[in-house]
Amino acid sequence: MSEQILKIGRVVEVSGARVLGELEASVEDLYRTYRSRRYTVGQVGSIVKIEAGDKLVFGVVTALRMHEAPTTEGGFESLGTTSDAKWLEVELFGEALRTGLKEADFEFQRGVVTYPLPGQGIYVASVDELSRIYHQPSRPSIRVGSLSQASSLPVYLLSDEMLGKHFAVLGTTGSGKSCSVVVLLRSILAAAPNAHIILLDPHNEYSVAFPDEAEVIDPTSLNLPHWLLNFEESIELFIGKTEFVATSQTNILRDAILDARRQFGADGIPKDSITVDTPVPYRLGDLLKHVEKSKPPQTAKQDPYLKIENKIRALQADSRFSFMIRPDDDVSDSLANIVSNYLRIPVASKPLSVIDISGVPSDVVDVVVSVLCRMVFDFAVWGPRPVQVPILFVCEEAHRYAPRRDDAAFQPTKQALSRIAKEGRKYGVGLGLVSQRPSELAESILSQCNTLVALRMSNQQDQKFVQRALPDSVSSLVEILPTLRTQEALIVGEGTVVPVRLRFNAIPVERRPQSADVPFVKLWTEDVAGEDYIDAMVRRWRMQERAPFEA
């Protein structure tokens, strides 16, 4: 009886992993009812099965059409059909061997060995069969949502594969991207309460989402002293990217930093082994003394020296840079404390560091991100083997720090993210990229993310970019991205047993990131903001203080 009800068509042609099928003439509605459940019939993204002897072959519907003759697109030839024939295209993704008489009595495996033959029936996959495909894996996994076509079925992601081989969350503004990140991280923390996660928060969105699990580090508590910068980052800070960097200036700065580092020294490290990049503290006073001492007597040749001196003194006088420019009497060897705080070692019941950089001056924010990325990777590189403390680095607005165009970024930041993407797996550093403009993201870095979470995406450039990043077997599914609901996503890659269209778990209102759309009309119905509102805002603006969040 189930075969009669759930059968929707027959196989007409097979081309590689793609199948062309003809829907039965009786298929006129979007749904079939079986065992008191409604099943979608031939909907894009729905799962179907094809019986091939003692095996079941499963696929996902990628296209539907009604043509007098199907196009040759995708390798299918014209079949000379009648004008009222309905056609569907299916991408095969796995197969199963029957082990009993019941619907769900089979062992599912990813990949296809036995391909169907023309004439074999195409059926809607039942809930029992879907539950077998999407059951909780025996490997470590996290529950993140429910299947879009069967909301009663939970969806699990393979946590080690997703974290160790990197992942990306991509979606346009308003698609539920930030909430999806919260769901993923909260699910990870529920399964691993002693994790070590750094979340880069450029818009002060996430602190409210992790009130008990996160150590929130904002510009008032940020501690990235100048001596932690390597030479490339120091050039950016002390000379600047808008300034024409003459060889003489970089040489002056290199010699001055090296001399200042060796003057300060570090316990157990010979001074001769200290380089310009060694993370050994130094005093800006010592740096300035070296610059002054090296200054030639001829006034005409003093210009590059004066520029460096003036820039450093300007930074010292600017309170916005107090988290980085330390007075000489405040310089100490605090590297261990800095690493401990950011990487949550020990965890101390707060496995997540939320780095709020929304208040960091724009002309130095790239340096801050570069230092954080490099610190995470360098710490892992010099750690013991096998890895004992794996780390996850989640980068919001990733297209800003790892853009496609080389001239659009601070190169050390892009290089640091690229190094994590390419080599992090070997050293226990996972990378999570979050972006609303994937087409502006460096393709070489995104290609290293083996799990893709694609939410609603309406921009064609972004869709094409994501299509190139998807495996060939599901690349045509990119066409459904504009139709996804908020908090709904297509997930493919190593983190999921099979490609899945899911709806992420709901988040309580008080735990949602501060990225929700503003209800303009509702807030404009009454005039509630008066002089007190302006006075309080101006004071916070001047004092660089955040307003309290009200749920």
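A few points about this structure:
- With one equal scatterer per alpha carbon and no solvent term, the Debye-computed log10 I(q)/I(0) for the chain at 0.07, 0.12 1/Å reads -0.52, -1.14.
- Among the chymotrypsin sites (Phe, Trp or Tyr not before Pro) in the stretch 186-240, none sits in a DSSP loop with a Cβ that has at most 10 other Cβ atoms within 10 Å.
- Legend: calculated FRET efficiency, Glu443 to Glu423, from the Cβ-Cβ distance at R0 = 25 Å, rounded to 0.05, equals 0.90.
- Net dipole in debye of the stretch 324-448 [+1 Lys, Arg Cβ; -1 Asp, Glu Cβ; about Cα centre; nearest 20]: 680 debye
- Euclidean distance between Cα centres, the stretch 355-370 to the stretch 128-142, Å: 41 Å
- Electrostatic dipole magnitude of the chain [Cβ: Lys, Arg +1; Asp, Glu -1; Cα centre; debye, to 20]: 720 debye
- Charge dipole of the stretch 226-329 about the Cα centre (unit charges at C-beta), most positive-ward option of Thr275, His290, Pro327: His290
- About its Cα centre, the dipole of the stretch 318-377 is roughly 380 debye, where the only charges are +1 on Lys and Arg Cβ and -1 on Asp and Glu Cβ.
- Note on the chain: antiparallel DSSP beta bridges, both residues inside, total approximately 70 percent of the bridges counted.
- The stretch 226-329: Lys pairs at Cα distance under 25 angstrom, eight or more positions apart or on different chains: 17
- The chain: angle of helix 284-294 to the longest principal axis, Cα-based, in degrees nearest 10: 60 degrees
- Working from label points 7 Å from Cα in the Cα-to-Cβ sense, the Arg511 to Trp524 distance is 3.5 nm.
- Dipole of the chain, positive end: most advanced residue of Pro499, Ser180, Thr220 [Cβ charges, Cα centre]: Pro499
- MRE, 222 nm, helices only [DSSP H, n ≥ 4, -39500 (n - 2.57), over the chain, to nearest 500]: -8500 deg cm²/dmol
- Positive-end residue, the chain charge dipole about Cα centroid, Cβ charges, pick of Leu88, Val364, Ser340: Ser340
- Ranked list, fewest to most other Cβ atoms within 10 Å of each Cβ, for Tyr115, Tyr156, Tyr401: Tyr115, Tyr156, Tyr401
- Helix axis angle, 247-264 relative to the chain longest principal axis, alpha carbon, degrees: 80 degrees
- The ranking of Val538, Val60, Val360, Val216 by Cβ neighbour count inside 10 Å, starting from the fewest, reads Val538, Val216, Val360, Val60.
No lab work stands behind these numbers, since they all come straight from the coordinates. All values derive from a computational prediction rather than experimental measurement. For neighbour counting, all protein chains shown are included, and Cβ atoms are generated from backbone atoms with ideal geometry for every residue, glycine included.
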